[in-house]
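Novice: Shown below is the structure under consideration.
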Amino acid sequence: MIHSWIKTSMIDYPGRMAAVLFLSGCNLSCDYCHNAELIRHDSSIGTSWSEVLANLISRRHLIDAVVISGGEPTLHPSLLKIIGDLKANGFYVKLDTNGARPELIKKLISESLVDYIALDVKGTSESYTAMLGGTECDFASAMDVLSILNESKSAYEVRTTLIRSEHSIERLVSLFDLHKPVRKWALQQFHHAQSNHKDIRFETYSLTEMDSLKQMLLKHGLAETIELRGNY
């Protein structure tokens, strides 16, 4: 089952018109998750894959790509079938992941099953245990995926959603110390979802402050390019 989906997006796949699929189930339970309803896997909610695929094929003249997001899509039991069906019908495939399954990412890259990967790196290893419901192993897995991406020729980006209490310049500088430079780093402005709109722990940076962070991070050689994303 596809938990939910967006039929047309001009912002989720760089340079392409895409549909976006949301698969439920995640290994993390971030306190500030924007899609908290997707954390728990529930196969009874959503639309059948066959129905979604038929709709995508009927709109092939309008969209040329599909983004698979979540939740954490690499944990979904039908991911390989979904990707295989999409590739068989000529769609470009972008995968959003938190890096939970490095070996699966390696397989997808080696078999040319994905065209673009967005890796969410939430913060330092301390952040994974403090606010994300995860462990240092989850951070280590994300770093393993980053190594795989850096060693490949695949198109990718790393994404970090900035929260003032968790993402000081010192922490950001240390984040990719062993993996720099990443090719593309997207710094995303946090905004409150309905589930956390009253939580005062989650204070965002202004776009002006984010630009200052960007300039400092570029000076430290953390990334070849850094893109700021606000009001997303």
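Novice: Would you mind giving the three semi-axes, in whole Å and largest first, of the ellipsoid equivalent to the chain according to its Cα gyration tensor?
Specialist: 28, 20, 17
Novice: So what is the calculated 222 nm ellipticity per residue for the chain, using -39500 (n - 2.57) for each DSSP H run with n of 4 or more, over all residues, to the nearest 500 deg cm²/dmol?
Specialist: Helix-only estimate at 222 nm: -9000 deg cm²/dmol.
Novice: Moving on to the next point. Give me the aspartates and glutamates in straight-line cross-link reach of residue 180: C-alpha distance below 14 Å, same-chain residues under 8 apart excluded.
Specialist: Straight-line reach from residue 180, under 14 Å: 144, 151, 157, 224.
Novice: Can you give the net charge of the other residues whose Cβ lies under 12 Å from the Cβ of residue 90, counting K and R as +1 and D and E as -1?
Specialist: The answer is -1.
Novice: Still on this model: Taking the simple approach of a point 7 Å from Cα along Cα-to-Cβ for both residue 179 and residue 153, what is their distance in nm?
Specialist: For the pair residue 179/residue 153, the computed spacing is 2.2 nm.
Novice: Sorting check: for 51-61, 22-32, 131-141, which peptide has the highest mean count of neighbouring beta carbons within 10 Å, and how do the rest follow?
Specialist: 22-32, 131-141, 51-61
Novice: Tally the DSSP beta bridges in the chain and give the antiparallel ones as a percent, rounded to 5.
Specialist: Of the beta bridges lying entirely in the chain, close to 15 percent run antiparallel.
Novice: Taking a 32 Å limit on the Cα-Cα distance, which of the listed pairs 7/219; 87/214; 107/184; 7/107; 87/219 fall beyond it?
Specialist: 7/219; 87/214; 87/219, as the Cα separations exceed 32 Å there.
Novice: So if each residue of separation counts as 0.36 nm, and I subtract the Cα-Cα distance between residue 164 and residue 80, what length gain in nm does that give?
Specialist: Length gained, residue 164 through residue 80: 26.5 nm.
Novice: Right, next: Strictly under 4.7 angstrom between C-beta atoms: which cysteines of the chain have no such partner?
Specialist: For the chain, the answer is 26, 137, because their Cβ atoms have no other cysteine Cβ under 4.7 Å.
Every number in this text was worked out from the coordinates using simple rules, so none of it is lab data. In this text, all values refer to a predicted model and were calculated from it rather than measured experimentally. Neighbour counts are summed over all protein chains in view; Cβ atoms, including those assigned to glycine, are modelled from backbone coordinates with ideal geometry.
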